[in-house]
Amino acid sequence: DLILVYPPAKDGGGGGSYASSEFNVHFGRDAKMGQPLTGLTVQVWINNTLMPFTLKVNTDAQCTFPDGTCAPKGRDLAAVAGAMRKGANGMKFQLQGDKALFDIEAAAFLWSSDDKLIVCDIDGTLTRSDVIGYSA
């Protein structure tokens with residue numbers, strides 16, 4: 001899943017810049033897809049809107065931006081922010097290849113930097129050590 005955070009407006013004016021978590025996207029191994037995946041293009045969709053950028057599959061089957069990073073910057077980050085609405089959003093990564101067309105669906109969340117959240121372990125419990133371990 002993706003988290004995008006927008007800054008609060010200050011004194012009725014615009015806030016600062018957006019911040020995003022990384023796009024940690026991995027596709028299956030080449031043998032399962034029927035073709036080598038390295039170098040294939042991955043389209044990104046948010047709320048059924050095609051983003052104006054693509055990712056590439058690297059040798060570890062991880063998808064990265066052209067600069068080799070996993071987080072959007074500049075115009076790419078602005079495009080992501082423009083396609084999202086506050087709260088939960090639909091997101092899809094679509095692998096484009098000669099023999100393979102494969103989608104990975106995820107959720108993208110747009111939150112304010114003022115929003116409060118609770119972090120739970122995978123089984124849904126919340127313990128004091130979890131809060132201490134995840135506090136920043």
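The values are calculated or read from the model by the stated rules, or taken from the named source; none is laboratory data. These numbers were taken from a predicted model, which means no experiment stands behind them. Glycine also receives a Cβ, built like all others from the backbone with ideal geometry; neighbour counts cover every protein chain displayed. Heads up: the accessible areas ignore ligands, DNA and RNA and are worked out on the full protein's heavy atoms, side chains in. Shrake-Rupley method; radii C 1.70, N 1.55, O 1.52, S 1.80 Å.
A few remarks follow.
- Of the residues making up region 72-106, those that are touching a helix residue (DSSP H, G or I) at 6+ places or on another chain (Cβ under 8 Å) and under 26 Å from VAL5 (Cβ atoms) are PRO72, ASN89.
- Taking region 33-65 as the range and being under 15 Å from MET84 (Cα atoms) and of a type in the set (A, V, I, L, M) as the test, the residues that pass are VAL44, ILE46, LEU50, MET51.
- Selection count, region 23-62, where residues are open to solvent by 50 Å² or more (accessible area, probe 1.4 Å), touching a Pro at 6+ places or on another chain (Cβ under 9 Å) and at pLDDT 85 or above: 2
- Taking (1) on the phi < 0 side of the Ramachandran plot; (2) open to solvent by 30 Å² or more (accessible area, probe 1.4 Å) in turn, GLY74 satisfies each apart from (1).
- Condition check for SER17: modelled with pLDDT under 90, touching a strand residue (DSSP E or B) at 6+ places or on another chain (Cβ under 8 Å) and not aliphatic (A, V, I, L, M): no
- Residue within region 108-115 that is modelled with pLDDT of 90 or more, open to solvent by less than 40 Å² (accessible area, probe 1.4 Å) and closer than 19 Å to ASN24 by Cα present: yes
- Residues located in region 76-91, provided they are part of a strand (DSSP E or B) and either without any contact (Cβ under 8 Å) to a residue 12 or more places away in the chain or under 15 Å from MET51 (Cα atoms) (or both): ASN89, GLY90, MET91
- Count of region 79-107 residues which are open to solvent by less than 20 Å² (accessible area, probe 1.4 Å) and aromatic (Phe, Trp, Tyr): 1
Each row is one residue, and each column tells you yes or no for (1) assigned to a strand (DSSP E or B); (2) of a type in the set (Phe, Trp, Tyr); (3) without any contact (Cβ under 8 Å) to a residue 60 or more places away in the chain.
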position: THR38; (1), (2), (3): no, no, yes
position: GLN43; (1), (2), (3): yes, no, yes
position: THR69; (1), (2), (3): no, no, yes
position: PHE93; (1), (2), (3): yes, yes, no
